[in-house]
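Novice: My structure is below; once you've seen it, I'll send some questions.
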Amino acid sequence: MNAHNDDTSSGNIAGGPQYAFYGDDFTGATDTLAHLARAGLRTMLLLAPPDPTHLGKLGPLDAIGVAGAARTMSPDQQRAELTRVGQAFAELGVRVMHYKVCSTFDSAPRTGSIGVAIRTLRDYCANPLVAVIGGQPSLRRYCVFGELYAAAGADDGESSIYRIDRHPTMSRHPVTPMSEADLRVHLQRQGVDNVQSIDWRCYAAGDAALQTELERRLTLRPDAVLFDVLDDSHLQTIGRLLANQARSAAPLLAVGASSVAQAYVSALAQSAASGATAQRVQLARARSPVFVLAGSLSPLTEVQIRAARSYRHIELDPLQMTGESAHSYLMAQVAAIAAALRSGSNVLAFTSRREPSAVESSGALPRLAHACAVLLRQVLDAEKLQRVGIAGGDTSSIAVRALGAWGLSYLAPLSAGVSVCRVHADNPQLDGIELMLKGGQMGEVDLFEKLLEGHGDNDCTDV
(Lines give C-alpha, C1' and ligand atoms only; values in the text may rest on other atoms or scores of the structure.)
Protein backbone atom coordinates (compact mmCIF):
# COMPACT_ATOMS: atom_id res chain seq x y z
CA MET A 1 0.00 0.00 0.00
CA ASN A 2 1.28 3.43 -0.96
CA ALA A 3 1.74 5.81 1.99
CA HIS A 4 2.72 9.31 3.00
CA ASN A 5 2.87 10.87 6.44
CA ASP A 6 0.81 14.05 6.17
CA ASP A 7 -2.65 13.48 7.67
CA THR A 8 -3.77 16.92 6.51
CA SER A 9 -4.03 15.73 2.92
CA SER A 10 -7.25 16.85 1.30
CA GLY A 11 -7.77 13.18 0.49
CA ASN A 12 -7.98 12.24 4.16
CA ILE A 13 -10.33 14.50 6.07
CA ALA A 14 -11.33 13.27 9.55
CA GLY A 15 -9.35 10.08 9.01
CA GLY A 16 -11.58 8.57 6.31
CA PRO A 17 -11.14 8.12 2.56
CA GLN A 18 -12.68 10.90 0.53
CA TYR A 19 -12.54 9.05 -2.83
CA ALA A 20 -14.05 5.62 -3.40
CA PHE A 21 -14.30 3.65 -6.62
CA TYR A 22 -15.93 0.47 -7.84
CA GLY A 23 -14.36 -1.17 -10.88
CA ASP A 24 -16.82 -3.04 -13.09
CA ASP A 25 -13.96 -5.43 -13.87
CA PHE A 26 -10.66 -6.18 -12.15
CA THR A 27 -8.26 -4.93 -14.82
CA GLY A 28 -9.88 -1.50 -14.89
CA ALA A 29 -9.98 -1.34 -11.11
CA THR A 30 -6.22 -1.89 -10.87
CA ASP A 31 -5.62 0.91 -13.38
CA THR A 32 -7.59 3.32 -11.18
CA LEU A 33 -5.70 2.05 -8.13
CA ALA A 34 -2.44 2.83 -9.94
CA HIS A 35 -3.39 6.41 -10.81
CA LEU A 36 -4.38 7.20 -7.23
CA ALA A 37 -1.41 5.45 -5.60
CA ARG A 38 1.14 6.96 -7.96
CA ALA A 39 -0.20 10.40 -7.06
CA GLY A 40 0.79 9.65 -3.45
CA LEU A 41 -2.66 8.78 -2.09
CA ARG A 42 -2.89 5.95 0.42
CA THR A 43 -5.07 3.59 -1.57
CA MET A 44 -6.28 0.02 -1.21
CA LEU A 45 -8.30 -2.09 -3.62
CA LEU A 46 -10.54 -4.66 -1.94
CA LEU A 47 -12.23 -7.63 -3.56
CA ALA A 48 -15.48 -7.15 -1.64
CA PRO A 49 -17.16 -4.17 0.07
CA PRO A 50 -15.03 -3.04 3.03
CA ASP A 51 -15.65 -4.65 6.40
CA PRO A 52 -14.34 -3.58 9.82
CA THR A 53 -11.86 -6.47 10.04
CA HIS A 54 -9.97 -5.58 6.90
CA LEU A 55 -10.32 -1.83 7.39
CA GLY A 56 -8.70 -2.23 10.78
CA LYS A 57 -5.64 -3.79 9.17
CA LEU A 58 -5.17 -0.97 6.67
CA GLY A 59 -4.91 2.18 8.78
CA PRO A 60 -5.80 5.64 7.41
CA LEU A 61 -6.67 5.73 3.71
CA ASP A 62 -7.08 8.56 1.24
CA ALA A 63 -8.90 6.42 -1.31
CA ILE A 64 -10.47 2.98 -1.37
CA GLY A 65 -11.75 0.76 -4.14
CA VAL A 66 -13.71 -2.42 -4.72
CA ALA A 67 -12.83 -4.63 -7.68
CA GLY A 68 -16.02 -6.12 -8.99
CA ALA A 69 -17.47 -7.89 -12.00
CA ALA A 70 -20.56 -5.78 -12.74
CA ARG A 71 -19.55 -5.59 -16.39
CA THR A 72 -20.77 -9.18 -16.83
CA MET A 73 -23.81 -9.01 -14.53
CA SER A 74 -27.53 -8.89 -15.18
CA PRO A 75 -29.47 -5.85 -13.89
CA ASP A 76 -30.69 -7.72 -10.80
CA GLN A 77 -27.17 -8.90 -9.99
CA GLN A 78 -25.83 -5.39 -10.47
CA ARG A 79 -28.41 -3.85 -8.18
CA ALA A 80 -27.63 -6.33 -5.41
CA GLU A 81 -23.87 -5.85 -5.76
CA LEU A 82 -23.90 -2.06 -6.05
CA THR A 83 -26.37 -1.59 -3.19
CA ARG A 84 -23.86 -3.24 -0.85
CA VAL A 85 -21.04 -1.15 -2.30
CA GLY A 86 -22.97 2.13 -2.16
CA GLN A 87 -23.97 1.55 1.45
CA ALA A 88 -20.38 0.73 2.46
CA PHE A 89 -18.95 3.80 0.73
CA ALA A 90 -21.64 6.06 2.21
CA GLU A 91 -20.84 4.78 5.72
CA LEU A 92 -17.18 5.76 5.14
CA GLY A 93 -18.28 9.32 4.37
CA VAL A 94 -16.64 9.58 0.94
CA ARG A 95 -17.11 12.78 -1.07
CA VAL A 96 -16.58 11.31 -4.56
CA MET A 97 -18.03 7.92 -5.52
CA HIS A 98 -16.58 6.69 -8.83
CA TYR A 99 -18.23 3.95 -10.88
CA LYS A 100 -15.29 2.86 -12.99
CA VAL A 101 -16.23 1.56 -16.45
CA CYS A 102 -14.15 0.37 -19.36
CA SER A 103 -12.66 3.26 -21.33
CA THR A 104 -14.65 2.04 -24.34
CA PHE A 105 -17.94 2.21 -22.35
CA ASP A 106 -18.99 -1.19 -23.70
CA SER A 107 -22.15 -2.22 -21.90
CA ALA A 108 -25.73 -3.13 -22.70
CA PRO A 109 -29.20 -2.81 -21.14
CA ARG A 110 -29.15 -6.44 -19.93
CA THR A 111 -25.40 -6.94 -19.36
CA GLY A 112 -23.20 -4.59 -17.33
CA SER A 113 -25.65 -1.71 -17.70
CA ILE A 114 -24.13 1.65 -16.83
CA GLY A 115 -27.68 2.93 -16.50
CA VAL A 116 -28.48 0.42 -13.75
CA ALA A 117 -25.26 1.43 -11.96
CA ILE A 118 -26.15 5.12 -12.08
CA ARG A 119 -29.68 4.56 -10.80
CA THR A 120 -28.46 2.31 -7.97
CA LEU A 121 -25.52 4.40 -6.74
CA ARG A 122 -27.48 7.65 -7.17
CA ASP A 123 -29.31 6.78 -3.94
CA TYR A 124 -26.05 7.32 -2.01
CA CYS A 125 -24.96 10.53 -3.76
CA ALA A 126 -27.33 13.45 -3.27
CA ASN A 127 -25.24 15.90 -5.30
CA PRO A 128 -27.28 17.23 -8.23
CA LEU A 129 -24.36 16.42 -10.55
CA VAL A 130 -23.80 12.91 -11.89
CA ALA A 131 -20.66 13.44 -13.98
CA VAL A 132 -19.81 11.16 -16.90
CA ILE A 133 -16.22 11.64 -18.08
CA GLY A 134 -16.11 10.57 -21.70
CA GLY A 135 -12.46 9.96 -22.58
CA GLN A 136 -9.02 8.91 -21.35
CA PRO A 137 -6.27 10.36 -23.56
CA SER A 138 -3.53 8.29 -21.88
CA LEU A 139 -5.23 5.22 -23.40
CA ARG A 140 -6.05 7.01 -26.67
CA ARG A 141 -9.75 7.26 -25.88
CA TYR A 142 -11.37 10.57 -26.84
CA CYS A 143 -14.84 12.08 -26.50
CA VAL A 144 -15.77 14.99 -28.77
CA PHE A 145 -19.27 16.48 -29.03
CA GLY A 146 -20.48 13.49 -27.04
CA GLU A 147 -19.10 10.86 -29.43
CA LEU A 148 -16.48 8.31 -28.33
CA TYR A 149 -13.37 7.45 -30.34
CA ALA A 150 -10.69 4.86 -29.56
CA ALA A 151 -7.43 3.57 -30.96
CA ALA A 152 -7.07 -0.03 -32.07
CA GLY A 153 -3.90 -2.00 -31.49
CA ALA A 154 -0.70 -1.25 -29.62
CA ASP A 155 0.59 2.29 -29.15
CA ASP A 156 3.24 1.93 -31.83
CA GLY A 157 2.51 5.02 -33.90
CA GLU A 158 0.78 2.97 -36.58
CA SER A 159 -2.64 2.33 -35.06
CA SER A 160 -5.68 4.31 -36.18
CA ILE A 161 -8.38 6.08 -34.21
CA TYR A 162 -11.92 4.83 -34.84
CA ARG A 163 -15.35 6.03 -33.89
CA ILE A 164 -16.33 3.40 -31.35
CA ASP A 165 -19.20 1.98 -33.43
CA ARG A 166 -16.69 1.36 -36.24
CA HIS A 167 -13.87 0.08 -34.03
CA PRO A 168 -12.61 -3.26 -35.42
CA THR A 169 -12.81 -4.93 -31.99
CA MET A 170 -15.31 -3.08 -29.81
CA SER A 171 -18.01 -2.86 -32.48
CA ARG A 172 -17.83 -6.68 -32.63
CA HIS A 173 -17.47 -7.43 -28.92
CA PRO A 174 -19.04 -10.89 -28.38
CA VAL A 175 -21.13 -9.79 -25.35
CA THR A 176 -21.49 -6.00 -25.40
CA PRO A 177 -20.81 -4.73 -28.94
CA MET A 178 -20.69 -0.95 -29.24
CA SER A 179 -23.19 -0.07 -31.96
CA GLU A 180 -23.60 3.60 -30.94
CA ALA A 181 -20.83 6.20 -30.70
CA ASP A 182 -22.90 9.00 -29.14
CA LEU A 183 -22.61 8.30 -25.42
CA ARG A 184 -25.79 10.26 -24.74
CA VAL A 185 -27.77 7.86 -26.92
CA HIS A 186 -25.84 4.87 -25.53
CA LEU A 187 -26.80 5.83 -21.98
CA GLN A 188 -30.38 6.66 -22.93
CA ARG A 189 -30.76 3.11 -24.24
CA GLN A 190 -29.84 1.99 -20.71
CA GLY A 191 -32.47 4.14 -19.04
CA VAL A 192 -30.49 7.35 -18.39
CA ASP A 193 -33.07 9.49 -20.11
CA ASN A 194 -31.90 13.08 -19.66
CA VAL A 195 -28.18 13.31 -20.48
CA GLN A 196 -26.86 16.83 -20.84
CA SER A 197 -23.51 17.38 -22.55
CA ILE A 198 -20.73 19.92 -22.00
CA ASP A 199 -18.40 19.95 -24.99
CA TRP A 200 -14.68 20.74 -25.08
CA ARG A 201 -15.13 24.33 -26.31
CA CYS A 202 -16.49 25.37 -22.89
CA TYR A 203 -13.18 24.67 -21.17
CA ALA A 204 -11.26 27.48 -22.87
CA ALA A 205 -13.56 30.12 -21.34
CA GLY A 206 -12.17 29.48 -17.84
CA ASP A 207 -13.37 27.86 -14.64
CA ALA A 208 -15.96 30.50 -13.76
CA ALA A 209 -17.64 30.27 -17.15
CA LEU A 210 -17.59 26.48 -16.99
CA GLN A 211 -19.19 26.53 -13.53
CA THR A 212 -21.90 28.85 -14.85
CA GLU A 213 -22.55 26.52 -17.77
CA LEU A 214 -22.77 23.54 -15.41
CA GLU A 215 -25.26 25.36 -13.20
CA ARG A 216 -27.36 26.17 -16.25
CA ARG A 217 -27.39 22.49 -17.22
CA LEU A 218 -28.30 21.43 -13.69
CA THR A 219 -31.44 23.58 -13.79
CA LEU A 220 -32.68 21.07 -16.38
CA ARG A 221 -32.49 18.34 -13.68
CA PRO A 222 -30.40 15.94 -15.78
CA ASP A 223 -29.88 12.28 -14.93
CA ALA A 224 -26.23 12.80 -15.92
CA VAL A 225 -23.91 15.38 -17.48
CA LEU A 226 -21.42 14.13 -20.08
CA PHE A 227 -18.04 15.90 -20.36
CA ASP A 228 -15.93 15.82 -23.53
CA VAL A 229 -12.24 14.91 -23.13
CA LEU A 230 -9.64 15.40 -25.86
CA ASP A 231 -6.42 15.93 -23.90
CA ASP A 232 -5.04 15.94 -20.37
CA SER A 233 -5.63 19.67 -19.92
CA HIS A 234 -9.36 18.95 -20.18
CA LEU A 235 -9.07 16.48 -17.30
CA GLN A 236 -7.36 19.13 -15.18
CA THR A 237 -10.22 21.54 -15.85
CA ILE A 238 -12.85 18.89 -15.13
CA GLY A 239 -10.98 17.89 -11.96
CA ARG A 240 -11.19 21.41 -10.55
CA LEU A 241 -14.92 21.50 -11.34
CA LEU A 242 -15.56 18.13 -9.66
CA ALA A 243 -13.52 19.06 -6.59
CA ASN A 244 -15.44 22.32 -6.21
CA GLN A 245 -18.78 20.56 -6.66
CA ALA A 246 -17.92 17.82 -4.15
CA ARG A 247 -16.83 20.38 -1.53
CA SER A 248 -19.83 22.62 -1.88
CA ALA A 249 -22.65 20.07 -1.93
CA ALA A 250 -23.48 16.46 -1.11
CA PRO A 251 -21.34 13.47 -2.18
CA LEU A 252 -20.94 13.25 -5.93
CA LEU A 253 -21.26 10.28 -8.30
CA ALA A 254 -18.81 10.19 -11.22
CA VAL A 255 -18.85 7.63 -14.04
CA GLY A 256 -16.02 6.89 -16.41
CA ALA A 257 -12.68 5.21 -16.89
CA SER A 258 -9.57 5.93 -14.81
CA SER A 259 -9.72 9.43 -16.27
CA VAL A 260 -12.06 10.25 -13.36
CA ALA A 261 -9.21 9.45 -10.95
CA GLN A 262 -6.77 11.38 -13.16
CA ALA A 263 -9.04 14.43 -12.97
CA TYR A 264 -9.36 14.07 -9.20
CA VAL A 265 -5.64 13.78 -8.50
CA SER A 266 -4.89 16.67 -10.83
CA ALA A 267 -7.16 18.84 -8.67
CA LEU A 268 -5.30 17.68 -5.55
CA ALA A 269 -1.96 18.44 -7.15
CA GLN A 270 -3.10 22.00 -7.80
CA SER A 271 -4.32 22.42 -4.20
CA ALA A 272 -1.96 23.76 -1.54
CA ALA A 273 -3.84 21.66 1.02
CA SER A 274 -2.74 18.39 -0.53
CA GLY A 275 0.03 16.51 1.26
CA ALA A 276 0.20 13.83 -1.43
CA THR A 277 3.53 13.37 -3.19
CA ALA A 278 3.77 11.62 -6.54
CA GLN A 279 5.56 8.27 -6.33
CA ARG A 280 8.16 7.07 -8.84
CA VAL A 281 8.58 3.31 -8.77
CA GLN A 282 10.12 0.59 -10.90
CA LEU A 283 9.32 -3.09 -11.32
CA ALA A 284 12.36 -5.33 -10.76
CA ARG A 285 13.22 -8.32 -12.90
CA ALA A 286 11.36 -11.47 -11.87
CA ARG A 287 13.46 -13.69 -9.59
CA SER A 288 11.68 -16.96 -10.44
CA PRO A 289 9.52 -18.42 -13.25
CA VAL A 290 6.51 -16.35 -14.28
CA PHE A 291 3.11 -17.75 -15.23
CA VAL A 292 0.76 -15.86 -17.57
CA LEU A 293 -2.80 -16.97 -18.31
CA ALA A 294 -4.35 -15.33 -21.37
CA GLY A 295 -8.09 -15.84 -21.65
CA SER A 296 -8.61 -12.77 -23.82
CA LEU A 297 -9.58 -13.34 -27.45
CA SER A 298 -8.64 -9.81 -28.56
CA PRO A 299 -6.36 -9.28 -31.59
CA LEU A 300 -3.90 -7.23 -29.50
CA THR A 301 -3.51 -10.03 -26.94
CA GLU A 302 -2.86 -12.43 -29.81
CA VAL A 303 0.00 -10.20 -31.02
CA GLN A 304 1.37 -9.99 -27.48
CA ILE A 305 1.32 -13.78 -27.17
CA ARG A 306 3.31 -14.19 -30.38
CA ALA A 307 5.86 -11.65 -29.13
CA ALA A 308 6.39 -13.48 -25.80
CA ARG A 309 9.59 -15.28 -26.84
CA SER A 310 10.83 -16.05 -23.31
CA TYR A 311 7.89 -18.28 -22.41
CA ARG A 312 6.95 -21.85 -23.05
CA HIS A 313 3.58 -21.61 -24.82
CA ILE A 314 0.77 -23.98 -23.82
CA GLU A 315 -2.37 -23.74 -25.95
CA LEU A 316 -5.70 -24.39 -24.23
CA ASP A 317 -8.74 -25.70 -26.11
CA PRO A 318 -11.80 -23.67 -25.01
CA LEU A 319 -14.22 -26.39 -26.07
CA GLN A 320 -12.42 -29.05 -24.02
CA MET A 321 -12.10 -26.64 -21.08
CA THR A 322 -15.88 -26.26 -20.98
CA GLY A 323 -17.05 -29.64 -22.28
CA GLU A 324 -18.14 -32.87 -20.61
CA SER A 325 -14.55 -33.94 -19.85
CA ALA A 326 -13.49 -30.50 -18.67
CA HIS A 327 -12.20 -31.65 -15.26
CA SER A 328 -9.80 -34.28 -16.61
CA TYR A 329 -8.64 -31.94 -19.39
CA LEU A 330 -7.98 -29.08 -16.96
CA MET A 331 -6.09 -31.32 -14.53
CA ALA A 332 -3.85 -32.54 -17.36
CA GLN A 333 -3.10 -28.95 -18.37
CA VAL A 334 -2.40 -27.97 -14.76
CA ALA A 335 0.07 -30.83 -14.43
CA ALA A 336 1.87 -29.78 -17.63
CA ILE A 337 2.03 -26.14 -16.56
CA ALA A 338 3.24 -26.96 -13.05
CA ALA A 339 5.93 -29.29 -14.38
CA ALA A 340 7.22 -26.62 -16.76
CA LEU A 341 7.32 -24.00 -14.00
CA ARG A 342 9.07 -26.45 -11.67
CA SER A 343 11.76 -26.99 -14.30
CA GLY A 344 12.45 -23.24 -14.39
CA SER A 345 10.52 -22.28 -17.53
CA ASN A 346 8.28 -19.25 -17.80
CA VAL A 347 4.86 -20.41 -18.99
CA LEU A 348 2.23 -18.65 -21.08
CA ALA A 349 -1.04 -20.59 -21.25
CA PHE A 350 -3.54 -19.16 -23.71
CA THR A 351 -6.95 -20.09 -25.02
CA SER A 352 -6.91 -21.09 -28.67
CA ARG A 353 -7.89 -18.43 -31.21
CA ARG A 354 -8.20 -20.83 -34.14
CA GLU A 355 -12.01 -21.08 -34.10
CA PRO A 356 -13.47 -18.24 -31.99
CA SER A 357 -16.78 -18.44 -33.86
CA ALA A 358 -17.12 -22.12 -32.88
CA VAL A 359 -16.59 -21.19 -29.23
CA GLU A 360 -19.25 -18.48 -29.41
CA SER A 361 -21.77 -20.66 -31.24
CA SER A 362 -21.26 -23.52 -28.77
CA GLY A 363 -22.28 -21.32 -25.84
CA ALA A 364 -18.95 -22.04 -24.13
CA LEU A 365 -17.83 -18.42 -23.90
CA PRO A 366 -19.58 -17.56 -20.59
CA ARG A 367 -18.10 -20.73 -19.00
CA LEU A 368 -14.59 -20.16 -20.32
CA ALA A 369 -13.61 -17.51 -17.76
CA HIS A 370 -14.73 -19.82 -14.94
CA ALA A 371 -12.66 -22.65 -16.40
CA CYS A 372 -9.65 -20.33 -16.56
CA ALA A 373 -10.22 -19.45 -12.91
CA VAL A 374 -10.18 -23.13 -11.93
CA LEU A 375 -6.97 -23.68 -13.88
CA LEU A 376 -5.25 -20.66 -12.29
CA ARG A 377 -6.17 -21.66 -8.76
CA GLN A 378 -4.94 -25.22 -9.31
CA VAL A 379 -1.62 -24.00 -10.72
CA LEU A 380 -1.07 -21.67 -7.76
CA ASP A 381 -1.99 -24.41 -5.32
CA ALA A 382 0.61 -26.64 -6.98
CA GLU A 383 3.44 -24.10 -7.27
CA LYS A 384 4.49 -21.17 -5.09
CA LEU A 385 5.02 -18.31 -7.56
CA GLN A 386 6.34 -14.79 -7.18
CA ARG A 387 4.81 -13.19 -10.29
CA VAL A 388 1.67 -13.96 -12.29
CA GLY A 389 -0.11 -12.28 -15.19
CA ILE A 390 -3.73 -12.56 -16.34
CA ALA A 391 -4.94 -11.20 -19.68
CA GLY A 392 -8.64 -10.59 -20.27
CA GLY A 393 -11.09 -8.44 -18.35
CA ASP A 394 -13.68 -11.13 -17.66
CA THR A 395 -10.99 -13.76 -17.05
CA SER A 396 -9.24 -11.48 -14.55
CA SER A 397 -12.41 -10.66 -12.62
CA ILE A 398 -13.49 -14.26 -12.14
CA ALA A 399 -10.00 -15.72 -11.68
CA VAL A 400 -8.93 -13.30 -8.95
CA ARG A 401 -12.17 -13.85 -7.03
CA ALA A 402 -11.50 -17.60 -7.18
CA LEU A 403 -8.11 -17.13 -5.51
CA GLY A 404 -9.66 -16.17 -2.19
CA ALA A 405 -7.58 -13.00 -1.83
CA TRP A 406 -9.14 -10.03 -0.04
CA GLY A 407 -7.20 -7.07 -1.45
CA LEU A 408 -4.67 -5.63 -3.88
CA SER A 409 -2.19 -2.82 -3.39
CA TYR A 410 -0.27 -1.03 -6.10
CA LEU A 411 3.29 -2.13 -6.78
CA ALA A 412 4.54 -0.66 -10.07
CA PRO A 413 3.51 0.36 -13.61
CA LEU A 414 4.11 -1.86 -16.60
CA SER A 415 2.47 -0.08 -19.54
CA ALA A 416 -0.25 2.49 -20.15
CA GLY A 417 -3.37 1.05 -18.52
CA VAL A 418 -1.51 -1.95 -17.07
CA SER A 419 0.01 -2.19 -13.58
CA VAL A 420 1.44 -4.84 -11.29
CA CYS A 421 -0.20 -5.20 -7.87
CA ARG A 422 0.59 -7.10 -4.68
CA VAL A 423 -1.95 -9.70 -3.57
CA HIS A 424 -3.18 -9.60 0.04
CA ALA A 425 -4.57 -12.95 1.17
CA ASP A 426 -4.92 -14.96 4.35
CA ASN A 427 -3.47 -17.96 2.48
CA PRO A 428 0.37 -17.72 2.68
CA GLN A 429 0.62 -19.54 -0.67
CA LEU A 430 -1.05 -16.54 -2.31
CA ASP A 431 -0.14 -13.61 -0.06
CA GLY A 432 2.46 -11.34 -1.65
CA ILE A 433 2.12 -12.56 -5.24
CA GLU A 434 2.96 -9.85 -7.78
CA LEU A 435 -0.05 -9.82 -10.09
CA MET A 436 -0.48 -8.20 -13.49
CA LEU A 437 -4.05 -7.83 -14.77
CA LYS A 438 -4.65 -6.55 -18.29
CA GLY A 439 -7.69 -6.00 -20.44
CA GLY A 440 -7.75 -7.29 -23.99
CA GLN A 441 -7.10 -3.87 -25.54
CA MET A 442 -4.32 -2.83 -23.15
CA GLY A 443 -0.53 -2.88 -23.25
CA GLU A 444 2.32 -2.75 -25.74
CA VAL A 445 3.33 -5.60 -28.00
CA ASP A 446 6.17 -6.71 -25.69
CA LEU A 447 4.08 -6.50 -22.51
CA PHE A 448 4.66 -10.09 -21.39
CA GLU A 449 8.40 -9.71 -21.89
CA LYS A 450 8.32 -6.58 -19.73
CA LEU A 451 6.56 -8.56 -17.03
CA LEU A 452 9.69 -10.74 -16.90
CA GLU A 453 12.34 -8.09 -17.29
CA GLY A 454 10.83 -5.35 -15.14
CA HIS A 455 9.98 -1.89 -16.33
CA GLY A 456 10.28 1.66 -15.03
CA ASP A 457 7.54 4.29 -15.23
CA ASN A 458 9.08 6.67 -17.78
CA ASP A 459 6.44 5.66 -20.30
CA CYS A 460 3.54 5.79 -17.83
CA THR A 461 3.08 9.43 -16.96
CA ASP A 462 -0.04 10.76 -15.30
CA VAL A 463 -1.70 14.10 -15.68
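The values are calculated or read from the model by the stated rules, or taken from the named source; none is laboratory data. As the structure is a prediction and not an experimental result, all values here were calculated from the model. So basically every Cβ, Gly included, is an ideal-geometry build from the backbone, and we count neighbours across all protein chains shown. Note: areas computed on protein heavy atoms with side chains; ligands, DNA, RNA excluded. Shrake-Rupley method; radii C 1.70, N 1.55, O 1.52, S 1.80 Å.
Novice: So if I check each of 72, 53, which one is in contact with a Gly (Cβ under 9 Å, 6 or more places away or on another chain) and among the β-branched types (Val, Ile, Thr)?
Specialist: Matching residue, one of 72, 53: 72.
Novice: Just for region 256-312: of the residues that are of a type in the set (Lys, Arg) and at pLDDT 95 or above, which one is least open to solvent (accessible area, probe 1.4 Å)?
Specialist: It comes out as 312.
Novice: Considering only residues of region 321-336 that are outside any helix (DSSP H, G or I) and either touching a strand residue (DSSP E or B) at 6+ places or on another chain (Cβ under 8 Å) or open to solvent by 40 Å² or more (accessible area, probe 1.4 Å) (or both), which is farthest from residue 381 (Cα to Cα)?
Specialist: 324
Novice: Just the residues that are open to solvent by 10 Å² or more (accessible area, probe 1.4 Å) and over 23 Å from residue 229 (Cα atoms), please, taken from region 89-116.
Specialist: Result: 90, 91, 92, 93, 109, 110, 111.
Novice: Of the residues 45, 82, only one is over 23 Å from residue 195 (Cβ atoms), open to solvent by less than 30 Å² (accessible area, probe 1.4 Å) and either touching a helix residue (DSSP H, G or I) at 6+ places or on another chain (Cβ under 9 Å) or aromatic (Phe, Trp, Tyr) (or both); which?
Specialist: Exactly one of 45, 82 is over 23 Å from residue 195 (Cβ atoms), open to solvent by less than 30 Å² (accessible area, probe 1.4 Å) and either touching a helix residue (DSSP H, G or I) at 6+ places or on another chain (Cβ under 9 Å) or aromatic (Phe, Trp, Tyr) (or both), namely 45.
Novice: Would you mind stating whether residue 119 is surrounded by fewer than 24 Cβ atoms within 10 Å (Cβ to Cβ) and either on the phi > 0 side of the Ramachandran plot or basic (Lys, Arg) (or both)?
Specialist: yes
Novice: Pull out all pairs, ordered by first then second residue, where Cβ-Cβ is under 7 Å, the residues are six or more apart or on different chains, the first lies in region 22-33 and is within 21 Å of residue 90 (Cα to Cα) and β-branched (Val, Ile, Thr), and the second is part of a helix (DSSP H, G or I) and open to solvent by less than 10 Å² (accessible area, probe 1.4 Å).
Specialist: As it stands, the answer is 32/261, since those pairs meet every condition given.
Novice: Moving to a separate point now. Does residue 119 satisfy the criteria of being free of Cβ contacts under 8 Å to residues at least 60 places away in the same chain and within 18 Å of residue 186 (Cβ to Cβ)?
Specialist: Criteria not met by residue 119.
Novice: Consider only pairs whose beta carbons are under 9 Å apart and that are at least six residues apart or on different chains; among these, list those whose first residue lies in region 235-262 and is free of Cβ contacts under 8 Å to residues at least 12 places away in the same chain and of a type in the set (A, V, I, L, M, F, W, C) and whose second residue is surrounded by fewer than 24 Cβ atoms within 10 Å (Cβ to Cβ) and not in a helix (DSSP H, G or I).
Specialist: none
Novice: Within region 70-79, restricting attention to residues that are assigned to a helix (DSSP H, G or I) and open to solvent by less than 50 Å² (accessible area, probe 1.4 Å), which residue is nearest to residue 121 (Cα to Cα)?
Specialist: By that ranking, first place goes to 78.
Novice: Next up: For region 422-436, enumerate the residues that are of a type in the set (A, V, I, L, M, F, W, C) and over 19 Å from residue 289 (Cβ atoms).
Specialist: The one that is of a type in the set (A, V, I, L, M, F, W, C) and over 19 Å from residue 289 (Cβ atoms): 425.
Novice: Here are 207, 193: which of them is of a type in the set (D, E, K, R), farther than 27 Å from residue 121 by Cα and in contact (Cβ under 8 Å) with a residue 24 or more places away in the chain?
Specialist: Unique residue meeting the criteria: 207.
Novice: Let me ask something additional. I need the strands (runs of 3 or more DSSP E) fully contained in region 379-437, keeping only those with at least 2 residues that are open to solvent by 10 Å² or more (accessible area, probe 1.4 Å).
Specialist: Filter on region 379-437 gives 407-415, 418-424.
Novice: Taking residue 56, is it open to solvent by 10 Å² or more (accessible area, probe 1.4 Å) and assigned to a helix (DSSP H, G or I)?
Specialist: Answer is yes for this residue.
Novice: For region 438-451: of the residues being of a type in the set (A, V, I, L, M) and open to solvent by 10 Å² or more (accessible area, probe 1.4 Å), which is modelled with the highest pLDDT?
Specialist: Out of the qualifying residues, it is 445.
Novice: Counting residues that are aliphatic (A, V, I, L, M), which strands (runs of 3 or more DSSP E) fully inside region 101-216 reach at least 3?
Specialist: 130-133, 147-151
For every residue, the table says whether it meets (1) in a strand (DSSP E or B); (2) modelled with pLDDT under 95.
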position: 315; (1), (2): yes, yes
position: 319; (1), (2): no, yes
position: 338; (1), (2): no, no
position: 347; (1), (2): yes, no
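Novice: Here is a further query. Can you name the residue in region 152-178 that is loosely packed, with under 15 Cβ neighbours inside 10 Å and among the small types (Gly, Ala, Ser) and is also modelled with the lowest pLDDT among such residues?
Specialist: 157
Novice: I need the full set of residues from region 122-143 which are free of Cβ contacts under 8 Å to residues at least 60 places away in the same chain and within 28 Å of residue 93 (Cβ to Cβ), in order please.
Specialist: Result: 123, single match.
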